[in-house]
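Just so it is clear, none of the values below were taken in a lab; they were calculated from the coordinates. Computed from a predicted structure; not experimentally measured. Glycine also receives a Cβ, built like all others from the backbone with ideal geometry; neighbour counts cover every protein chain displayed.
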């Protein structure tokens, strides 16, 4: 009877561990979906920051920004649910950093990208009588460089969450 009991306990522990890992995997996947990749928006932001942007650079950035909105909202909602479920734990605090980290949270970054794109669109539509082209590009480059720094901090926080969950 004790063998059967210990086998049952081992089975229950294995099931609970599998359930826990399933939740952890979903959590890391949700955060990973928010990562900025070098061949995505980050590529275009780097081009702008390095003053190598063509008009198509801004068009592609806007296109990717708009296309990602729905997926980002879905991933963020999943992270908020996980954060609330895990409230009071180091993992919940890390999720909160990903969402709202000192101006390097996902929504802050998206807002900065949108502001950058809107500013460029406004300047192009107004033909920028106040600025010459070089000054305009320099200001946009500086803002894009700031966003790139925010993204690198953000991506580091996502990687930290992954390590925390996978090492737990």
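Here are some notes:
- Residue pairs whose Cβ atoms lie under 8 Å apart, sitting 6 or more positions apart in sequence or on different chains, and linking a residue in segment 150-168 that is free of Cβ contacts under 8 Å to residues at least 60 places away in the same chain to a partner that is part of a helix (DSSP H, G or I), are 150/108; 150/109; 150/112.
- Unmet criterion (only one of (1) over 21 Å from residue 32 (Cβ atoms); (2) part of a helix (DSSP H, G or I); (3) in contact (Cβ under 8 Å) with a residue 12 or more places away in the chain) for residue 135: (3)
- Residue 138 satisfies every condition listed in (1) closer than 27 Å to residue 27 by Cβ; (2) surrounded by 12 or more Cβ atoms within 10 Å (Cβ to Cβ); (3) out of contact with any helix residue (DSSP H, G or I) (no Cβ under 9 Å at 6 or more places or on another chain) except (1).
- For segment 48-78, filtering for residues that are without any contact (Cβ under 8 Å) to a residue 60 or more places away in the chain, under 27 Å from residue 134 (Cα atoms) and either outside any helix (DSSP H, G or I) or within 18 Å of the chain's Cα centre (by Cα) (or both) leaves 7.
- Filter pass, residue 45 being within 21 Å of residue 166 (Cα to Cα) and assigned to a helix (DSSP H, G or I): no
- Residue within segment 80-103 that is within 30 Å of residue 56 (Cα to Cα) and outside any helix (DSSP H, G or I) present: yes
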